[in-house]
Amino acid sequence: MIGIYGHGSARDQICCLRLVEELGDDFKFYDGGTNPALARAAWSVPAQQMSAHDLAQACKADGISLMFVTDALVLQADTVDILAKEGIQILAPSRHAALLEGRKSLMKKLMVEAGVPTPDAWIASSADQAKALLRENWRDGHRYVVKTDPLITDAIHRAMVPETLIESLQDVDEEMEALHLAHAPEQVLIEQRIDGFETSVHVIWDGETYVLMPPVRDYKRVGDGDTGPNTYGAASVACGRGFAPELDRQLRERIIEPALNHIRNAGYAYRGFVYFGVMLCDDGPVLLEINVRPGNPEFLALLGLLKSDFADLIRHAANGNLAVADIRWHEDSYCGAVFAMGEGYPQTMTPPRAIISGLEQALSEGYTVVEDVAATDDGAFVVSGGRVAATVALGSSLEEVRLKVLDRLSAIEFKGKHFRSDLGYGIADELFASA
Ligand SMILES: Nc1ncnc2c1ncn2[C@@H]1O[C@H](COP(=O)(O)OP(=O)(O)O)[C@@H](O)[C@H]1O
Ligand SMILES: [Mg+2]
């Protein structure tokens, strides 16, 4: 029996749908959130009021042998450690290993030690110190990004990419304020800004063996042509053929293998997904960050490309025998996902609670997942945040996927709905293996 515990993100939901399809009654979702499509599912267990100890007892009573957790903030707490102590197998990092994502300064230190290419960075423990560093170093050809060291929910203020020195000084203040509000240590990273093409490199790891997943690109900017402010992720597209051979080699040799080896040697190994945020630069791939769980919306596209059993993949990783897993991808396909976003998002995180039509039908067809949706007392769906619902499609060309996703998305309507219509935009030819 496999379980997922989470807040019911679109990523949780897509994993649930797949596991229910494969496992039927041998799957349960422990619901720590407010996703109404998950709350009403027969395989869903309300867990909003449960302590981690209650959750462990409920899992044991239900016969759960393996628990999968993907929620970044849950991973920063002790839930996974408590479940593990109760003898439940876990596909996720321990709280200690989750610091790889929870503290950017730790990730940076380890990656420098490992010899992984990553932009130079300083750690500043006060706004004055950060601003002095920026004033001293900002000049032609030397620009910097400002990032909070601890992981905070506020993804808009977590990493800021200013265009001018003046802007960068304001960003320091905004980040310090966001850290203060989050009761987190008030420390920021000032990191050298680099140019290139960004890609999300996902691997599944059993602590020894890793499997590289297909290349996936996520679209962070709200508008077509990568315009407008950053969102939490507006769309994603993945290619089953894999990375181009030379890039595949560089990613493994320069980033994935030295990083995983050093993470293991430093005592941070775990069984689960590792997501490397990578910038492809003129002289090769450069690491920007490590996440200890799959990306959202990247995983919507990646899971759609997995041809073999997902449950089987999860079990092999959790058992430490990925080396003998039979993993197959839809090699001749692309998979994409696009979010319908609420009015005014991401300038506002609380769009008007517009009524959503067509969602019930879309959900019944199986390629729609929701994230920021609430149910009213009379059973209607309303917008409750920025990323409302996403549709997913598989196809043999980028254009086919784009049209299919948008057609499916057009069935879901609400006032102020907006979305990226340019899936496939800006895909660098050198990213994917040739057909
Ligand atoms: N050194 C850098 N140079 C250029 N762009 C960067 C750099 N670091 C981060 N970015 C941009 O900012 C985004 C967010 O940064 P990231 O380190 O991934 O933080 P997080 O995902 O925790 O918010 C990246 O996806 C990338 O687009
Ligand atoms: Mg990131």
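Some observations on this one:
- Residue count for the stretch 166-193 satisfying the condition of being surrounded by 17 or more Cβ atoms within 10 Å (Cβ to Cβ), farther than 13 Å from LEU134 by Cα and of a type outside the set (Gly, Ala, Ser): 5.
- Candidate set from the stretch 199-208 (those that are buried (at least 17 other Cβ atoms within 10 Å of the Cβ) and not aromatic (Phe, Trp, Tyr)); member that is farthest from VAL146 (Cα to Cα): ASP206
- Of all residues in the stretch 280-309, those that are within 23 Å of THR148 (Cα to Cα) and modelled with pLDDT of 95 or more have Cβ atoms under 6 Å from Cβ atoms of residues that are within 16 Å of ligand 1 (Cβ to nearest atom) and among the acidic types (Asp, Glu), 6 or more apart or on another chain, in ASN291/GLU101; VAL292/GLU101; GLU298/ASP218.
- Filtered by the rule that a residue be assigned to a strand (DSSP E or B) and within 12 Å of ligand 1 (Cβ to nearest atom), the stretch 281-295 gives CYS281, VAL286, LEU287, LEU288, GLU289, ILE290, ASN291.
- Restricting the stretch 138-158 to residues that are free of Cβ contacts under 8 Å to residues at least 40 places away in the same chain and over 29 Å from LEU260 (Cα atoms), the residue that is surrounded by the most Cβ atoms within 10 Å (Cβ to Cβ): TRP138
- Restricting attention to the stretch 316-351, the residues that are surrounded by 14 or more Cβ atoms within 10 Å (Cβ to Cβ), assigned to a loop (DSSP other than H, G, I, E, B) and on the phi < 0 side of the Ramachandran plot total 11.
- 3 or more residues under 22 Å from LEU151 (Cα atoms): qualifying helices (runs of 4 or more DSSP H) within the stretch 43-105: 72-75, 79-85, 99-102
- Qualifying residues in the stretch 112-166 (those that are in a loop (DSSP other than H, G, I, E, B) and among the hydroxyl-bearing types (Ser, Thr, Tyr)) - the one farthest from ligand 2 (Cβ to nearest atom): SER126
The values are calculated or read from the model by the stated rules, or taken from the named source; none is laboratory data. Predicted model, so just to flag it, every value in this text is computed and none were measured. Glycine gets a Cβ as well: all are built from the backbone with ideal geometry, and neighbour counts include every protein chain shown.
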